[in-house]
Amino acid sequence: MIAALALVLGLLLLGYGMLRTLRAGRRKLARDEATCLRIAVPPRQNHPVLTLRHGRDVLFGPVRAQWNAPASTAMACGNATRDPALPGGDVPAGRYRVLDAADLSGAAEPILRGLGPLALILRPDHGGRDILLHGTRRHGPDCNGVAILNRTLDALLQQLGDPRGLRVEIERRNIRRNGWGGTGRPPGTANRRAGQTRKG
């Protein structure tokens, strides 16, 4: 009986030690400079995705994200084109750090609808406005920062533990939907052909 109790106690202590080690490792993960949360549009796709990497290793994702500002907010700010550099615009590209996590679970229903029960505050490295990485109930045409599904954000934080200090990179690129400059040809092709015509 005593031996059995000692075995159970030993297993509990072992489990507690492993849990503490795991939590400590997660706290260090976000602060490791090799760890980076990247949000970008992959080649030949139209929607941004979020991926957590440690060096070359993918730790989480890619998962679909949103980053377009609501048209109503942009219009109210006099920014009809949703210019990221202006108030009410889309999320600006750049490098950020997670400043802290905000628990919104006790907020009013309109806030919960718009931001979900949890948000990460992202602060740019070189000045500019803070943005939110927040949850959403479903993917839609716009959001109030960068949004991923609520359950996906929960899973990301389970992976990270304490997210403070995490590096975040947001990359936006211009998509040429009508070819290169609307000509359907790479730059310089038209000039070369014009030169060949003149020579002829």
Return the residues of region 99-154 that are surrounded by fewer than 20 Cβ atoms within 10 Å (Cβ to Cβ) and hydroxyl-bearing (Ser, Thr, Tyr); say none if nothing qualifies. Ser105, Thr152
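Identify, please: which residue in region 72-89 is surrounded by 14 or more Cβ atoms within 10 Å (Cβ to Cβ) and of a type in the set (A, V, I, L, M) and is, among those, farthest from Ile131 (Cα to Cα)? Give the derivation first.
Our first condition is that a residue be surrounded by 14 or more Cβ atoms within 10 Å (Cβ to Cβ); within region 72-89, this holds for 73-74, 77, 79, 82-84, 86, 88-89.
After this cut, where a residue has to be of a type in the set (A, V, I, L, M) as well, the list is 74, 86.
Working: Ala74: 15, Leu86: 13 Å.
Going through the qualifying residues, I end up with Ala74.
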Taking the options Arg44, Arg82, Arg129, name whichever one is assigned to a loop (DSSP other than H, G, I, E, B), in contact with a Gly (Cβ under 6 Å, 6 or more places away or on another chain) and over 18 Å from Gln158 (Cβ atoms). Arg82
Quick check: is even one residue across region 141-150 farther than 22 Å from Val41 by Cα and among the hydrophobic types (A, V, I, L, M, F, W, C)? no
For region 30-86, what are the residues that are within 18 Å of Gly116 (Cβ to Cβ) and either at pLDDT 95 or above or touching a strand residue (DSSP E or B) at 6+ places or on another chain (Cβ under 9 Å) (or both)? Leu37, Ile39, Pro48, Leu50, Phe60, Gly61, Val63, Arg64, Ala65, Gln66, Trp67
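The values are calculated or read from the model by the stated rules, or taken from the named source; none is laboratory data. Remember, it's a predicted structure, so these values are computed and weren't measured experimentally. Note that each Cβ is placed from the backbone with ideal geometry, even for glycine, and that neighbours are counted across all protein chains shown.
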